[in-house]
Amino acid sequence: MMRNPLLAVMLLVCFCEGPLSSIQGKDVSSGLLLSRPVLVQAGLTPDWQIKLPMRSGETTQNIFLFGENVFVKTSRNHLFCLSAEDGSFRFGLPLAPEGLPVPEPLYYEGKLYFIVGRELKVLDPSQGQIVFRTMLSAVGSAVVGPIARNADFLYVPGADKRLHVYSVESHIRHFSATADNDSQITSVIADQTLAVFATSAGNVVSILPDQSQKRWQFDTLGPITAPLVRDGNYVYASSRDAKLYKLDLERGRQPWSTGYHARDPLTQEAVVGQVAVYQPAGRQGVHAVDKETGRGLWTVDNGIGVITEKGEHAYVFASPGRLVVMNNSTRRRVLSINAHAVTHYAVSMTEPRLFLGDDTGRIQRITPVESK
C-alpha cells in the first residue's frame, strides 16, 4: 500500500527509466548506470532501474538487501524501501535527524533493528513503519558495534566496554559481559547455543547465550574492528594484524593451518560465498580465499568488494568504477566492465543479482545470465 501520496507521484515522474520491460522501443541507454549493449555483451541482463526523488544536496549513502526488499539510506537519514523483484516503491520514512550516524541494521525474522545513538528502532517492512522503539540506557554513551539477537536476547556492545544482553520480551538487561582485559567490544554474533564477540584488543570470545560464562577465547595480534561473520559452524574474524581467521564455533580452533595474510590491516568484514570467502584489504584490493584450505585463489587490485556470485564466477566492484568478473576455478579474470557511474552496491550472495546505485539516487538491478 502506498503510504505517502506525494512521494508516490514523485516516484512515478522519476520512473521513466524503468522498469525496463515497460519502456520497450525507447532508447534509454544514456540514462542507465550500465547500458544495455554493454551488459548484454557481458552476459548480463538489465532488469529494472529507478530514480529516487532526492532533495537538493541529498545523496545515496548505503544500499542493502534484506528478504524481498532493497533498502536505500540517504545522507539525510531517509530510508527508501523498494521491491527487489521489480523495483516498485514500497515506502519511505525518516530514520533519524540528519547528521546522526545510523549503522546498517540487524535483520532478524523479517524485521530490521536500527540503532541510533542509544535508541533501538524496529522496522517492520510489511507495515512500512517503525513498530517498536526503546532507549538502551545502560550501554554508556552509545552503542558502538553491530548488534545480534536470538529468540530470547538482544546483544548490544556498549561504549562502556561491556556487552549488554537484554530480554527481547521485557527489554530489561539480563546480564552483561566484558573481556578479561577490559577492551572495547566491537561486534557480536549469537544463536540459541552461544554468543561470540570481538574486541579492540584482538580477542574473539565465546560465552554462553544466557550468562557471561566463557566457553573459549582466541587472540589475534591486532585489533578487530570489522564485524564478525558467521558461516554455519564457523566464524570469520578480520583483524588489523592483516590476517583473516576462520574459527570453529565449538572450540575456537582454526581449521586452517594459519590465518590468511592479506598484506594490509583488515578494517572490513569478509563476505562468504559458496567455495570462497572474499576479504576486502584496503590498498591490497579484494582477496578470494578458499574456504576449505585458507589459501588465496585470486586478488583484484583496487578491488572494493564482492557483489554476488553465479556458479564459479564472482562479481567484484573495483576502483575507479569497474565491474570485474573472476573465475574461482581457473583463478583468472573473465572480463572487466566500465561502471564509472556506480558508487554504491548491495551484497547479494544468496541469489545472483547485482543491485547498483549512484549518488543521485539511480538504482539498477542486473542479473547474470550466462558464462562468457
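Read-outs: derived from the displayed coordinates by stated rules, not from any lab. Since the model is a prediction, treat every value here as computed from it, not as a measurement. No Cβ is skipped: glycine too gets one built from the backbone with ideal geometry, and neighbour counts run over all protein chains shown.
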Residue (of T267, N233, G303) at the positive-pole extreme of the chain, dipole from beta-carbon charges: G303
Gain on full stretching of the segment that runs from R55 to S83 - 0.36 nm per residue minus C-alpha separation: 7.9 nm
Go through region 255-324 and name the GluC sites (Glu not before Pro) that are in a DSSP coil and have 15 or fewer other Cβ atoms within 10 Å of their Cβ. E292, E312
What number results when the radius of gyration of the chain, computed over Cα atoms, is divided by 2.2 N^0.38 Å? 1.01
Any lysines with Cα under 28 Å of the K214 Cα? List them, leaving off those in the same chain fewer than 8 positions away. K161, K243, K246, K291
Quickly work out the D219-to-V168 label distance, labels modelled 7 Å from Cα along the C-beta direction, and quote it in nm with one decimal. 3.5 nm
For T186, the residues 5 or more places away or on another chain with a placed amide H closer than 5 Å to its own amide H are A198, T199, S200
So, R0 is 25 Å and r is the distance between the beta-carbons of D231 and E351; what FRET efficiency does that work out to, to 0.05? 0.90
Note down the nm distance, to one decimal, between modelled labels 7 Å out along Cα→Cβ at E119 and at N302. 4.2 nm
Across region 102-116, in residue order, what do the Karplus-derived ³J(HN,Hα) couplings come to in whole Hz, using 6.51 cos²θ - 1.76 cosθ + 1.60 with θ = phi - 60° and x for Gly and Pro? 10, x, 4, x, 7, 10, 9, 6, x, 10, 10, 10, 9, 10, 10
Just to be sure I understand the curve: with the Debye formula and one point per C-alpha of region 37-176, what is log10 I(q)/I(0) at q = 0.16 Å⁻¹? -0.88
Arrange the following residues from fewest to most other Cβ atoms within 10 Å of their Cβ: V275, V334, V235. V275, V334, V235
Where does each of 189-196, 165-172 land if you order them by average Cβ count within 10 Å, highest first? 189-196, 165-172
I need the phi-derived Karplus couplings for region 189-202: 6.51 cos²θ - 1.76 cosθ + 1.60, θ = phi - 60°, integer Hz, Gly and Pro marked x. 10, 7, 9, 6, 10, 6, 9, 10, 10, 10, 10, 6, 8, x
Nearest-0.05 FRET efficiency for S336 and S75 at R0 = 22 Å, using Cβ-Cβ distance, is 0.15
Residue separation times 0.36 nm, minus the C-alpha to C-alpha distance between N181 and D359: what's the value? 59.9 nm
Could you give the length gained by full extension between R36 and H261, i.e. 0.36 nm per residue of separation minus their alpha carbon distance, to one decimal place? 77.1 nm
Taking only DSSP H segments of four or more residues, each worth -39500 (n - 2.57), what value at 222 nm results for the chain once the sum is divided by all its residues, to the nearest 500 deg cm²/dmol? -1000 deg cm²/dmol
If amide H atoms are modeled at 1.01 Å from N in the peptide plane, then the residues at a separation of 5 or more from L52, or on another chain, having amide H under 5 Å from its own are R362, I363
List the relative contact order of the chain as a percent without decimals, with contacts defined as Cα pairs under 8 Å and 6+ residues apart. 12 percent
Give, rounded to the nearest 20 debye, the magnitude of the charge dipole that the chain has about its Cα centre when Lys and Arg contribute +1 at Cβ and Asp and Glu contribute -1 at Cβ. 480 debye
